[in-house]
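Q: Here you go, one structure.
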Amino acid sequence: MGAVGSFALYLREIFRHMFRGPFRGREILQQLEIIGNESAPIILLTGFFTGAVFGLQIGGIFLIFRAESLMGGATAIALATELAPLVAAFLLIGRVGAAMTAEISTMVVQEQVLALEAMGVHPIHYLVVPRVVASMVMMPLLCGIFMAVGVFGALLIGLFLYDVDQGVFFERVTTMVVGHDIVAGLRKMLVFSFFISAICCRRGLSASGGAKGVGLATTTAVVTSLLMVLCIDFLISYFQIRWIS
């Protein structure tokens, strides 16, 4: 319970400093570039193959019932509501979250954070808030890209392996997928992005013990973030289903 209370106080500090000046525009833009631009290639590649593999598997099932035309809509729904936010979150934890923890924990063990505090700069305001804000902006955008590229991957599988007409494919997608499905997936990713960045930054700030401490903090941050994302995903999905029913 002490750890939960400490983390709650930490989250309160993030929200408090998020709306206090000075505005760290340069740091936020730098993090936007790191999170967004540098993560785009792996998101594009993984999104394409995730959609292609899911389309391949589900197309084989629909082929038994002569319902191959439904693979586009089924793939799009799966990507929008579950696959895109979850897989993209896992990728970004490994690439962005680990980098955040390693960078901040290195600053801690080299006593750069103590130097910031000596100059009157709050570490949460200078180090954590820009990363949290940038994550909440860029990670949902990357999730949206993942969805679109995944549908394109499924389209290619449908066209070349299952002889699904392109017009029928997109007609099923637009019929079966509604705006609420896409918003639900992006909303999930928005929540994921906040907790991923907050957890990874906190683990970095609590690092100690030199190079070994940096490695331990990074490993702990990745594992904790993965478990947190899975728990939050279950809770959001559960309450969404309860709300609909």
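Q: Just checking, does the range 103-111 include any residue being modelled with pLDDT of 90 or more and closer than 21 Å to Gly36 by Cβ?
A: Yes; the residues of the range 103-111 include at least one that is modelled with pLDDT of 90 or more and closer than 21 Å to Gly36 by Cβ.
Q: Let me ask something else about it. Out of curiosity, is Arg20 in contact (Cβ under 8 Å) with a residue 40 or more places away in the chain, in a loop (DSSP other than H, G, I, E, B) and loosely packed, with under 13 Cβ neighbours inside 10 Å?
A: yes
Q: Continuing with the same structure: Run down Ile42, Ile14 and say which single residue is in contact with a helix residue (DSSP H, G or I) (Cβ under 7 Å, 6 or more places away or on another chain), touching a residue at least 24 places away in the same chain (Cβ under 8 Å) and surrounded by fewer than 16 Cβ atoms within 10 Å (Cβ to Cβ).
A: Sole residue among the options that is in contact with a helix residue (DSSP H, G or I) (Cβ under 7 Å, 6 or more places away or on another chain), touching a residue at least 24 places away in the same chain (Cβ under 8 Å) and surrounded by fewer than 16 Cβ atoms within 10 Å (Cβ to Cβ): Ile42.
Q: So, one more: Suppose we filter Ile77, Ile93, Ile35, Ile64 for residues that are closer than 27 Å to Gly144 by Cα, among the β-branched types (Val, Ile, Thr) and surrounded by fewer than 20 Cβ atoms within 10 Å (Cβ to Cβ); which single one remains?
A: Unique residue meeting the criteria: Ile77.
Q: Further question: Can you tell me which residue within the range 157-167, out of those that are surrounded by fewer than 15 Cβ atoms within 10 Å (Cβ to Cβ) and of a type in the set (A, V, I, L, M, F, W, C), is nearest to Phe239 (Cα to Cα)?
A: Leu159
Q: Report the residue count in the range 173-193 for those that are crowded, with 18+ Cβ neighbours inside 10 Å, of a type outside the set (Val, Ile, Thr) and under 18 Å from Ile14 (Cβ atoms).
A: 2
Q: Need a quick list: helices (runs of 4 or more DSSP H) entirely within the range 50-116 having at least 3 residues that are in contact with a Phe, Trp or Tyr (Cβ under 7 Å, 6 or more places away or on another chain).
A: Of the helices (runs of 4 or more DSSP H) lying wholly inside the range 50-116, those with at least 3 residues that are in contact with a Phe, Trp or Tyr (Cβ under 7 Å, 6 or more places away or on another chain) span 71-78, 84-92.
Q: Of the residues Val132, Val149, which is at pLDDT 90 or above, outside any loop (DSSP other than H, G, I, E, B) and either surrounded by fewer than 23 Cβ atoms within 10 Å (Cβ to Cβ) or among the small types (Gly, Ala, Ser) (or both)?
A: From the options Val132, Val149, the qualifying one is Val149.
The values are calculated or read from the model by the stated rules, or taken from the named source; none is laboratory data. Values in this document were obtained by computation on a predicted structure and should not be read as measured data. As a convention, Cβ positions derive from the backbone with ideal geometry for all residues, glycine included, and neighbour counts pool all protein chains shown.
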